[in-house]
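Below is one structure, written out as structure tokens; comments come after it.
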Amino acid sequence: MMGAGSVSAFLGFELGSSALKGVTTPDGRPTTKFASNKSNSSQQAGLVLLKEEEILKIVKARVEGKTKAAKSEKLEEDDEETNSSKQKPEEKPPEVVEEKLQPGFPVTAQSEGVTMSVQSVRYSGGDLLLKVKMQNKGKDSVRFLYSFLDVTDDKGRTLSASTEGLPTELPVNGPAFSGTVSIPTALLDDVKKISLALTDYPAQKLKLEASDIPVER
């Protein structure tokens, strides 16, 4: 029985050994697996791993190239601005053109520091237009009601007239105000000169009289 048992044990060992041929123990070391997987993936994907020094050289070259490109663009912009500033002509202030007065003008009237002057006359359509300037350099502001404006010709006849743009009040030391006095031309047959007379309202302390205004055509 002992001999039979020995023979059976020997046969079982031989059968187990033959069955386990080609089976190896798995490698449990993590560094070995990582190196194996990295080499396999690099070979499969065709990747070439660069050294750290080479990577730094590439990055440095790109940074220097961008810096040079930015500097060249900046120099080009500065040159364009310089050229445009050279080509742009200097702007001159507009020249002030003085109004050319007609012979015999202005015709000025003054009272209590208030001035009324007729600068020019001209015929337009069916009216005679008188350009009038008014200014107050007196002590008090002055108000006017232009229905009190008297217009007479050289024969003493009263003419109807209308005003436009003349101020109803002249402030003290204010600017000069301009306006127009219009007279129908039908009233000016054989008339060579006219006169304007105006007083303040309601005080009527001053009287502005501009006489012998030439209106002959």
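The values are calculated or read from the model by the stated rules, or taken from the named source; none is laboratory data. If you're wondering where the values come from, they're calculated on a predicted model, not measured in any experiment. Methodologically, a virtual Cβ is constructed for each residue, glycine included, from the backbone with ideal geometry; neighbour enumeration extends over all protein chains shown. We work out accessible area using only protein heavy atoms, side chains counted, and drop any ligands, DNA or RNA first. Shrake-Rupley method; radii C 1.70, N 1.55, O 1.52, S 1.80 Å.
Picking from Gln135, Gln204, which residue would you name as being at pLDDT 95 or above and either in contact with a Phe, Trp or Tyr (Cβ under 8 Å, 6 or more places away or on another chain) or of a type outside the set (Ser, Thr, Tyr) (or both)?
Matching residue, one of Gln135, Gln204: Gln135.
Report yes if Glu76 is at pLDDT below 90 and not in a helix (DSSP H, G or I), otherwise no.
No, not satisfied.
For the condition over 43 Å from the mean Cα position of the chain (by Cα) and on the phi < 0 side of the Ramachandran plot, what is the one hit in Arg157, Arg143?
Arg157
Take Leu187 and decide whether it is out of contact with any Phe, Trp or Tyr (no Cβ under 9 Å at 6 or more places or on another chain) and in contact (Cβ under 8 Å) with a residue 60 or more places away in the chain.
no
How many residues does region 170-217 contain that are over 16 Å from Gln110 (Cα atoms), part of a strand (DSSP E or B) and open to solvent by 80 Å² or more (accessible area, probe 1.4 Å)?
1
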